[in-house]
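The values are calculated or read from the model by the stated rules, or taken from the named source; none is laboratory data. This is a predicted model, so every value here is computed, not measured. Please note: Cβ atoms are built from the backbone with ideal geometry, for glycine as well, and neighbour counts cover all protein chains shown. Side chains included, ligands, DNA and RNA excluded: accessible areas come from the protein's heavy atoms. Shrake-Rupley method; radii C 1.70, N 1.55, O 1.52, S 1.80 Å.
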Amino acid sequence: MRRAAIPFLAIAGFISVMAPIMVARARYESTMGLVQKIFYFHMPPAMLMLLSAIFCGIVSAIFLVKRRPVYDWMAYAAAELTVLYGAMAMVTGPLWARKAWGGWWVWDARLTMSLLMWMVFVSYLLLPNLGGDPSLWWQLSTVITCGTLAGAIIPEFVKVFTSTESSHVK
């Protein structure tokens, strides 16, 4: 292990120990009670899913231009993080929503776009394993990711997250 990583690991360990203690000590919310604490484990992964997807799209575009394998590896790692954080958000969200909205899933645009983005990134990770020329699959999956992010998902996320009509806002 490199010496530079030791302080970061110490900070990460401290946060990992303190986060559950801080959540346990947090006050109950007046209308939802204990269930509201699930939100502390829902919102950070949802935000990290979006940030990882944006990073994956940027690095994928750089890979298409420069053709250096390091950018491809970074995009794949960011896609893995997007799937991981998305799965965490997709599990904790309905647990919280059941109490907040009275149903496990509300077909709100924000929720549906998050699910769609998560499924696109799952397909991004599965695509190269289908066989054939690996470089062709990586180029195709990179184009799919960049096109999906630039053409569909990011503009919709901007509209959805700035809308005052969303169930999330109410």
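L51 accessible area, nearest 10 Å², 1.4 Å probe?
Approximately 110 Å² of L51 is accessible to the 1.4 Å probe.
So how far apart, in nm, are the two label points at A87 and R2 if each is 7 Å from Cα heading toward Cβ?
About 2.8 nm separates the two model spin labels.
Suppose a student asked you for the relative contact order of the stretch 13-92, using Cα pairs under 8 Å spaced at least 6 residues apart; what percent would you report?
34
Keeping every protein chain in place, order T31, T112, T92 by accessible area at 1.4 Å, biggest value first, i.e. largest first.
Ranking T31, T112, T92 by accessible area, largest first, yields T31, T112, T92.
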